Amino acid sequence: MNRYPALLIAAMLTIPGAYASGGSESATASNPKWRTECGSCHLSFPPKLLPAASWRALMGSLDKHFGTDASLDAATSGNILAFLEKNASRGQPETTGKPQLRITQTRWFQSEHDEVPARLWKDPRVKTPANCAACHAGSENGSFNEHNIHLPK
């Protein structure tokens, strides 16, 4: 029995307002600068996947963004940060006492993906848990609808 759809339904209920009905306005909130700048290197991760404190920490350290200098001019950075803060998760914060910088290390992500076999993360078509598009068709548009999951075989 495929348990992935059930896990996604649970996820929709645990991230307040983020993915109700397969993708609400807040899951698909968009900003041209965010989509262009963040999306030039990786998926423009939906703001609802992290709380505002995490987005502030990430945007405040773009000069060392996971080993890459992703610095932006002050106006662009301010525009993107305001968008991220406005649309950030309002759910329970992590209990680590410091902002979580990796979506893939949040309790929510780990519980939703705990049944994904380790071999899948190592598959060359997936490479990393941060590669949402490898399994979630439509993730580039903020859609993580349970009907659009296609695990590489």
All positions within the range 96-143 that are of a type outside the set (A, V, I, L, M, F, W, C), under 25 Å from Lys64 (Cβ atoms) and assigned to a loop (DSSP other than H, G, I, E, B):
Thr96, Gly97, Lys98, Pro99, Gln100, Arg102, Thr106, Lys127, Thr128, Pro129, Asn131
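For Ser77, are the conditions met, namely being surrounded by fewer than 19 Cβ atoms within 10 Å (Cβ to Cβ), among the polar types (S, T, N, Q), at pLDDT 90 or above and more than 15 Å from the chain's Cα centre (by Cα)?
Numbers: surrounded by fewer than 19 Cβ atoms within 10 Å (Cβ to Cβ): yes; among the polar types (S, T, N, Q): yes; at pLDDT 90 or above: yes; more than 15 Å from the chain's Cα centre (by Cα): yes.
When the stated conditions are applied, Ser77 passes them.
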Given the condition assigned to a loop (DSSP other than H, G, I, E, B), touching a Cys at 6+ places or on another chain (Cβ under 7 Å) and of a type in the set (A, V, I, L, M), answer yes or no: does some residue in the range 144-151 qualify?
yes
In the range 131-153, anything crowded, with 18+ Cβ neighbours inside 10 Å and at pLDDT 90 or above is listed as Cys132, Ala134, Cys135, His136
Subset of the range 48-63 (residues that are of a type outside the set (Gly, Ala, Ser), closer than 18 Å to Lys98 by Cα and either modelled with pLDDT of 95 or more or not in a helix (DSSP H, G or I) (or both))
Leu50, Pro51, Trp55, Arg56, Leu58, Met59, Leu62
I need a count of the residues in the range 112-130 that are in contact with a Ser or Thr (Cβ under 9 Å, 6 or more places away or on another chain) and either surrounded by 14 or more Cβ atoms within 10 Å (Cβ to Cβ) or in contact (Cβ under 8 Å) with a residue 40 or more places away in the chain (or both).
5
Among the residues of the range 95-110, what is the count of those that are under 18 Å from Pro46 (Cα atoms) and surrounded by fewer than 17 Cβ atoms within 10 Å (Cβ to Cβ)?
6
Scanning the range 47-106 residue by residue, those touching a residue at least 60 places away in the same chain (Cβ under 8 Å) and among the charged types (D, E, K, R) turn out to be Arg90
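The values are calculated or read from the model by the stated rules, or taken from the named source; none is laboratory data. In this text, all values refer to a predicted model and were calculated from it rather than measured experimentally. Virtual Cβ from ideal backbone geometry, glycine too; neighbours counted across all protein chains shown.
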